[in-house]
Amino acid sequence: MTAEMQQQDGAGEIVIAGAGLAGLAVALGLHGKGVRCVVLESSPVRRTSGFAFFTWTNAFRALDALGVGDKMRGRHLQLQGVRVVSSSTGKVAQEMDLRVKGKLGPHEVRCVHRNVLLQALEEELPAGTIRYSSKIVSIDHDELHDGNAKILHLADGTTLRAKVLIGCDGINSVVAKWLGLAKPSDSGRLATRGLAHYPDGGHGFEPKILQLVGEGFRAGVVPTSDTDVYWFFTWSPSPDGAKDGAVDRSPAAMKQFVLATMRGAQVSAQVLEAVERSEMSDVLAAPLRYRSPLSLLFASISKGNVCVAGDALHPTTPDLAQGACTALEDAVVLARCLGDAIVAGGVAGAEEERIEAALRSYAGIRRWRSAQVIAASYVVGFFQESDHAVVSFVRDKLLSGVLARTLLMMPDYDCGKL
């Protein structure tokens, strides 16, 4: 297909950059409003990295609005509680029931396989919505036509003309950079993750989130089903890199590093066995980055007919397990605001004004929520991972209950319907 044909094909399109959770959820929300869009994905096929993520009450409200909530409920265990264990002593620091009622109704949390949800979202979209191997490298104003359209230059040399551009292109977002959002900061921590498979069942883990805190690392183990157990591990690398300099060389080296660190603490044999048998993530040691919450309070989340959602908007540390959940919230709010503006009809000039107003409304709704989640996640991670004697004492003796209950504060949120 020639560049000229590509441009004609994309004239006036609503373009979503990125076919991750946020991008596909926005697309499905717009589809539910009767609005056509195209999703540009840089990868040649659907991305499968990440294994799984926690899907809390707020995320299920968003998934229900999109019509795929029950599909996820049918494939994944409902988790009944949280058990926080000190890695220093091996003792339980806090237990919490996850079946309690929040301000907006009963809580619900499952650990959902990322690829299962991506597939479910994609299956609900019209054929041809996603264009793979389509990476945006730069964005220009359309100087040749009236209006506020953007010209998108792709890596293969082709161009698309977009009447709306939604950046769901992750933490290194081209769209966020174009909007002038602050570059994500390095938290000084790394993370890895894995999935242990028990083909005959019998992994023995209760349907609970098991958190391990202290001793310079933070970890979690949670069953996703009767046959699969997901785990994550975060840590702060040593200044000279002496103890963890080889972790990126291979999955085997990464696994041995995690096991050696856990064996140096008070971690149960059951957890060690799950790590031992697991398939490692294709990202061996990912740096944990976040966007300054203060910068988001004054940033241009939208500008004209361009906005961002998901990790492109609010990259955060994973300590409250809310990154994917808030991305799904973004999707429902954005699809509702933008969809209502477009289906209202009217002359072209009026539609441009409605679109810009809709994106400003979306930005206003999501600004404080995004900053709140980032800030709370960072603080929780600092306390739960630290091996400093004073911080450890305060955490284990005074703040364990507060930190655990914070897990239920962020999910007690309703993004609304489409």
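The values are calculated or read from the model by the stated rules, or taken from the named source; none is laboratory data. Since we're looking at a predicted model, the values are computed, not measured. Here the Cβ positions follow ideal geometry from the backbone for every residue, glycine too, while neighbour counts run over all protein chains shown. Each accessible area value is taken on the protein alone, full model and side chains, heavy atoms only, with ligands, DNA and RNA left out. Shrake-Rupley method; radii C 1.70, N 1.55, O 1.52, S 1.80 Å.
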**Report entry** Qualifying positions in segment 72-118 - in contact with a Pro (Cβ under 8 Å, 6 or more places away or on another chain), more than 13 Å from Ile209 (Cα to Cα) and open to solvent by 20 Å² or more (accessible area, probe 1.4 Å)
**Finding:** Val100, Gly102
Report summary line: Picked from segment 277-294 (must be open to solvent by 20 Å² or more (accessible area, probe 1.4 Å) and not hydrophobic (A, V, I, L, M, F, W, C)), the residue farthest from Arg161 (Cα to Cα) is Arg277
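So if I check each of Pro207, Pro239, which one is open to solvent by 30 Å² or more (accessible area, probe 1.4 Å), more than 13 Å from Val271 (Cα to Cα) and at pLDDT below 95? It would help to see each step written out before you state the result.
On the way: Pro207 fails: at pLDDT below 95.
The match here is Pro239.
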Query raised in the report: What is the one condition in (1) touching a helix residue (DSSP H, G or I) at 6+ places or on another chain (Cβ under 7 Å); (2) open to solvent by less than 30 Å² (accessible area, probe 1.4 Å); (3) among the aliphatic types (A, V, I, L, M) that Leu297 does not satisfy?
Result: (2)
Query raised in the report: Taking segment 23-48, which residues are among the small types (Gly, Ala, Ser), open to solvent by less than 40 Å² (accessible area, probe 1.4 Å) and not in a helix (DSSP H, G or I)?
Result: Ser43
Query - Of the criteria (1) at pLDDT 60 or above; (2) open to solvent by 40 Å² or more (accessible area, probe 1.4 Å), which one Cys415 fails - result: (2)
Query - Residue identified as in a helix (DSSP H, G or I) and crowded, with 18+ Cβ neighbours inside 10 Å among Ala253, Ala260, Ala274, Ala265 - result: Ala274
**Report entry** Residues of segment 308-348 satisfying the condition of being free of Cβ contacts under 8 Å to residues at least 40 places away in the same chain and either open to solvent by 30 Å² or more (accessible area, probe 1.4 Å) or under 11 Å from the mean Cα position of the chain (by Cα) (or both)
**Finding:** Ala344, Gly345, Gly346, Val347
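Looking at segment 144-159 only, could you name the residues that are of a type in the set (A, V, I, L, M, F, W, C) and in a strand (DSSP E or B)? Walk me through how you get there before you give the answer.
Let us first name the residues in segment 144-159 that are of a type in the set (A, V, I, L, M, F, W, C), namely 144, 149, 151-152, 154-155.
Once the filter is applied, which keeps residues that are of a type in the set (A, V, I, L, M, F, W, C) and in a strand (DSSP E or B), segment 144-159 yields Ile151, Leu152, Leu154.
Of all residues in segment 160-193 being of a type outside the set (Val, Ile, Thr) and part of a helix (DSSP H, G or I), which is surrounded by the most Cβ atoms within 10 Å (Cβ to Cβ)? Spell out how you get there, then give the answer.
Taking segment 160-193 as the starting set, the residues that turn out to be of a type outside the set (Val, Ile, Thr) are 160-163, 165, 167-170, 172-173, 176-191, 193.
Right, trim to part of a helix (DSSP H, G or I) and you get 176-179.
On the way: Ala176: 28, Lys177: 16, Trp178: 19, Leu179: 22.
Checking each candidate, the answer is Ala176.
Taking strands (runs of 3 or more DSSP E) that do not extend beyond segment 52-143, which have at least 3 residues that are free of Cβ contacts under 8 Å to residues at least 40 places away in the same chain? Let's see the steps before the verdict.
Numbers: elements: 52-55, 81-86, 92-97, 110-113, 136-141.
Those strands (runs of 3 or more DSSP E) span 92-97, 136-141.
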Query - Considering residues of segment 136-150 that are surrounded by fewer than 19 Cβ atoms within 10 Å (Cβ to Cβ) and in contact with a strand residue (DSSP E or B) (Cβ under 6 Å, 6 or more places away or on another chain) only, the residue farthest from Val45 (Cα to Cα) - result: Asp142
Report task. Taking Ala312 as the residue in question, decide whether it is among the small types (Gly, Ala, Ser) and modelled with pLDDT under 95. Result -> no
